[in-house]
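Coordinate-derived values only; no laboratory data. All values derive from a computational prediction rather than experimental measurement. Cβ atoms come from the backbone with ideal geometry, glycine included; neighbour counts cover every protein chain shown.
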Amino acid sequence: MALTAVNTTKNNQSVQNEELFVYNTKNLNLWYGEHHALKNINLGIKEREVTAIIGPSGCGKSTYIKTLNRMIDLVPGVKTTGQIEYRDRDIFSKDFLVEELRTRVGMVFQKPNPFPKSIYENIAFGLKIHGIKNKQIITETVEKSLRGAALWDEVKDRIHEPAYGLSGGQQQRLCIARCLALEPDVILMDEPTSALDPVSTLKVEELIQELKEKYSIIIVTHNMQQAARISDKTAFFLNGEVVEFNSTDTIFNNPADSRTDDYISGRFG
Amino acid sequence: MENTARVKSEEMVSRIDGRLAKNKVVKGIFLTATIFTSIILIVLLYRIISQGAPYLTWDFFQNFASRRPEQAGIKAAVIGTLWMMSVVIPTAAILGVGTAIYLEEYAKKNKLTRWIQMNISNLAGVPSVVFGLLGLTIFVRVFGFGNSILAAGFTMALLVLPVVIVAAQEAIRAVPKELKEASFGLGATKWQTIYRVVLPYAIPGIATGSILAFSRAIGETAPLIVVGIPTFVAFLPSGYLDSFTALPMQIYNWTSRPQVDFHNLAAAGIIILLAVLILMNSVAVWIRNRYQAR
């Protein structure tokens, strides 16, 4: 309650600006046992933008994105302090069920991970676990989601065939379609193209550009060119800290911190 | 700095012959072991089949136990084993798979869990006669089931339970982490993830391991002796609290008779037992292959 009061006073100055944020991270710290993996993270992520998170291996960028939908809960021995607010609701609060959070915030993983089922059943999965049984609704959603993920034309004649028969790039777009079926607000992508060939990568990047019209996207990438190509904002993580967070243009052309400059110009990482 | 080659390829090449010779010797040892095992198996099978095959008549399946070998049959034992397995399979499967799911998916990985885990693994190595004593104390006496199908079935279920648990745990652990993440990432609850992702993936492994464990329950004799299952039964059971006999008990009984005819009948019984075991193992292999192909 006290927090809401603080927010209200702050909102008075810039009501419009506050409303655009989907995620607000405040003083987030995270430990894996003794290892301090995220240090005092403060990030505000705006809606309908592509926010890229870059940084060298082990900098905490994957940990951070997994915290945003609490997938990090699956790792034993994790401790957090601080706050992450999703649309002004504390995601660590008991009143905010993790199942709800993950329904509103979809996730695409590093390795394409379709279920060992048909293409159709992969997308129907999300609907079925949320109690949608109407076949017509499911079939319509399957088509809509596949179109949304730019996969429909390639698979429309074989949606009842196993998803494992698709190429890696198609599987990843199927995983994106699986997210879209739940009409999420935010899509988290954890290095979604790291297991894909250049052509498939390009297709996924084009898709991200289209999805940005409707969804807020947060993408972790080890590929700086990719961040430069597709994102509006970029956060540079190093050793568990946010070194710099700004518009992608500024980060890549006029970084404020010398460490950012060193990283994007390829001097380390 | 001068580059002195400490490793000389000429020297290494000259050693290849020696390494290959060792390779041959080792192969010979392993081949001998295999041949030896196969010969023992063949001799055993030959003896049993040559003794028992002539006794495998229709009457043999139709007749109850008898004092006269020419009238003795295996009907009560075959039917009794079926009754017993109808207790063993559901009991061991429900308790075993349930325990495995709890330990793998729900239990926190702490000292208590590790202790339970260690005990389950150790139970798998406890001699079957000990399970017989446990069954005698608990099911026969405390619960008052007597020498019934229920008492023997529960005892056998306990005997195979550790193996079922361990097999199911291994199958559950083999489910790719990525698939579970995909399910949780879509907002599924733990039970939905287990029911829709983990179990469908793990069931072939669980079934294979469990069937092998169940086939052990069909062949075990010691627990039945301790529980006090009779060997001479000339009727069919009509309920789970009835007395009965089972295949290994019948075979055990016939081998302990002095007449040669009974020994041959035992051999015929063993053929039936082996056939059942081979059938069950084939089902396990079939399930494994069928789901691997997918």
- request: Just tell me how shielded A:60-72 is by partners: mean number of partner chain Cβ atoms within 10 Å of each residue's Cβ, no decimals.
  value: 1
- prompt: Among the DSSP beta bridges whose two residues both lie in the protein assembly as shown, what percent are antiparallel, rounded to the nearest 5?
  reply: 60 percent
Helical mean residue ellipticity (222 nm; -39500 (n - 2.57) per DSSP H run of 4+; nearest 500) of chain B: -23000 deg cm²/dmol
- request: Counting only C-alpha contacts under 8 Å and six or more residues apart, can you give the relative contact order of chain B as a whole percent?
  value: 25 percent
- request: Hand me the trypsin sites (Lys or Arg not before Pro) from the range A:114-153 located in a DSSP loop with no more than 11 other Cβ atoms within 10 Å, in residue order please.
  value: A:K133
query: Taking A:K133 as the anchor, which aspartates and glutamates have their alpha carbon closer than 20 Å to its alpha carbon, excluding any fewer than eight residues away along the same chain?
result: A:E99, A:E100, A:E121, A:E143, A:E183
Exposure rule at most 15 other beta-carbon atoms within 10 Å, DSSP loop GluC sites (Glu not before Pro): chain A longest free segment: A:48-212
field: Rg ratio (alpha-carbon, reference 2.2 N^0.38 Å) - chain B
entry: 1.35
query: When only Cα pairs under 8 Å and 6 or more residues apart are kept, what is the percent relative contact order across chain A?
result: 26 percent
task: Kindly put A:V105, B:V26 in sequence by how many other C-beta atoms sit within 10 Å of each C-beta, fewest to most.
output: B:V26, A:V105
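Shielding by partners for B:185-198, please: the mean number of other protein chain Cβ atoms within 10 Å of each residue's Cβ.
Mean partner-chain Cβ count within 10 Å for B:185-198: 6.
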message: For peptide B:235-242, what's the mean number of Cβ atoms from other chains within 10 Å of each residue's Cβ?
response: 0
- prompt: Quick one: A:F268, B:F61, fewest Cβ neighbours within 10 Å first, how do they rank?
  reply: A:F268, B:F61
message: What would the Debye equation give as log₁₀ I(q)/I(0) for the protein assembly as shown at q = 0.06, 0.12, 0.13 Å⁻¹, counting only Cα atoms as equal point scatterers?
response: -0.51, -1.11, -1.21
query: Where a ≥ b ≥ c are the square roots of the eigenvalues of the C-alpha gyration tensor, would you call the range A:22-96 rounded, which needs a/c under 1.5, or, failing that, prolate if a/b is larger than b/c, or oblate?
result: oblate
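Given R₀ = 41 Å, FRET efficiency for B:V13-A:K39 by Cβ-Cβ distance, to 0.05?
So the FRET efficiency works out to roughly 0.15.
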Between the range B:1-78 and the range A:91-114, the Cα center-to-center distance that results, in Å: 53 Å
statement: For A:E205, the net charge from surrounding residues (Cβ-Cβ under 12 Å; K, R +1; D, E -1) works out to +2
message: Counting only other residues whose beta carbon sits under 15 Å from that of B:A107, what net charge do I get with K and R as +1, D and E as -1?
response: +4
query: Sorted by average packing, counted as other Cβ atoms within 10 angstrom per residue and highest first, what order do B:170-182, A:254-266, B:108-120 take?
result: B:170-182, A:254-266, B:108-120
field: Neighbourhood charge, 12 Å Cβ-Cβ cut-off, centred on B:R67 and excluding it, Lys, Arg +1 and Asp, Glu -1
entry: 0
